[in-house]
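A.B. asks: Questions regarding the structure given below will be posed in turn.
Any read-out appearing in this document is the output of simple, stated calculations on the displayed coordinates, not a laboratory observation. Source: prediction; values computed, not measured. All Cβ positions, glycine included, derive from the backbone under ideal geometry; neighbour counts span all protein chains shown.
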Amino acid sequence: MATDTVEVNRIRWWNITLWLVQGLLAVFFLYAGIMKVTQPPQALAEMGWAWALAMPPAFIQFLGVMEVLGAIGIIAPAAMRILPFLTPLAVVGMAFVQVSAIVLHGIRGETAFTLPLNLVVLALALFVIWGRWRKASVAAR
């Protein structure tokens, strides 16, 4: 009986922690995506996103739409418990975006702030992927 309570508490802790990290990731990608969709490359560059001037505007907008959809995918399927396996898959997609960003910023020498931020976001994404597949998956309705 006591081990059942301990296991329930452990799963609850994992679930709370994973939801907090998922929320943080969703806010990050939603902000980044909205900025890419609504701002021209010059405005993004003025915000410190110098790489935006080296990319086609259509690609930046595409990336922004994908990040907004990724933010929705990080939360919605698990929260609604409808096809919740899509949540870790959305995080996999956003982790791929971060790996691509790490490569881009590394090549461009943008390592002072951007690269560490991408590494932290990638680590959080990998934590959610691992946690939702191994520690506290969300059951479908």
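A.B. asks: Using a Gaussian network model of the chain whose springs link C-alpha atoms within less than 10 Å, name the residue from GLY106, GLY131, GLY70 with the highest mean-square fluctuation.
C.D. replies: GLY106
A.B. asks: Can I ask one more? Quote to one decimal, in nm, the extra length available between ILE107 and ILE72 on full extension: 0.36 nm per residue of separation minus the C-alpha distance between them. Don't skip to the answer; put the middle values down first.
C.D. replies: Values: separation 35, 0.36 × 35 = 12.60 nm, distance 2.98 nm.
Fully extending the segment from ILE107 to ILE72 adds 9.6 nm.
A.B. asks: Let me ask you something else. Relative contact order for the chain using alpha-carbon pairs under 8 Å, separation at least 6, rounded to a whole percent?
C.D. replies: Details: 143 pairs, mean separation 37.1, N = 141.
Relative contact order, the chain: 26 percent.
A.B. asks: In Å, the Kirkwood hydrodynamic radius of the chain over pairs of distinct alpha carbons? Provide the component values of the computation, followed by the final result.
C.D. replies: Numbers: mean 1/r = 0.0622 Å⁻¹.
Computed over the chain, the radius equals 16.1 Å.
A.B. asks: Explain nothing, just the number: dipole magnitude of segment 2-135 about its Cα centre with +1 on each Lys and Arg Cβ and -1 on each Asp and Glu Cβ, in debye rounded to the nearest 20. All intermediate terms of the calculation are to be shown ahead of the outcome.
C.D. replies: Values: 8 positive and 5 negative charges, 65 e Å.
The dipole of segment 2-135 has a size of about 320 debye.
A.B. asks: Right, next: Return the calculated 222 nm mean residue ellipticity for the chain, to the nearest 500 deg cm²/dmol, obtained by summing -39500 (n - 2.57) across DSSP H runs with n ≥ 4 and dividing by the residue count. It would help to have the intermediate numbers written out before the result.
C.D. replies: Values: 5 runs with 107 residues, N = 141.
Using -39500 (n - 2.57) per qualifying helix, the result is -26500 deg cm²/dmol.
A.B. asks: Go through ASN9, VAL99, LEU126 and say which Cα lies farthest out towards the positive end of the charge dipole of the chain; charges sit on Cβ, +1 for Lys and Arg, -1 for Asp and Glu.
C.D. replies: ASN9
A.B. asks: Another one. Excluding PRO88 itself, what net charge comes from residues whose Cβ is under 12 Å from its Cβ, given Lys and Arg +1 and Asp and Glu -1? Working shown, then result.
C.D. replies: On the way: positive: ARG132, ARG134, LYS135; negative: none.
After counting each charged neighbour, the total is +3.
A.B. asks: Counting Lys and Arg as +1 and Asp and Glu as -1, what is the net charge of the other residues whose Cβ lies under 14 Å from the Cβ of MET47?
C.D. replies: On the way: positive: LYS36; negative: GLU46, GLU110.
Taking every other residue near MET47 into account, the sum is -1.
A.B. asks: Also, I was wondering about something else. Mind checking which of LEU24, ALA112, ALA139 is farthest towards the positive end of the chain's charge dipole, using Cβ charges of +1 (Lys, Arg) and -1 (Asp, Glu) about the Cα centre?
C.D. replies: Comparing the listed Cα positions along the dipole, ALA139 ranks first.
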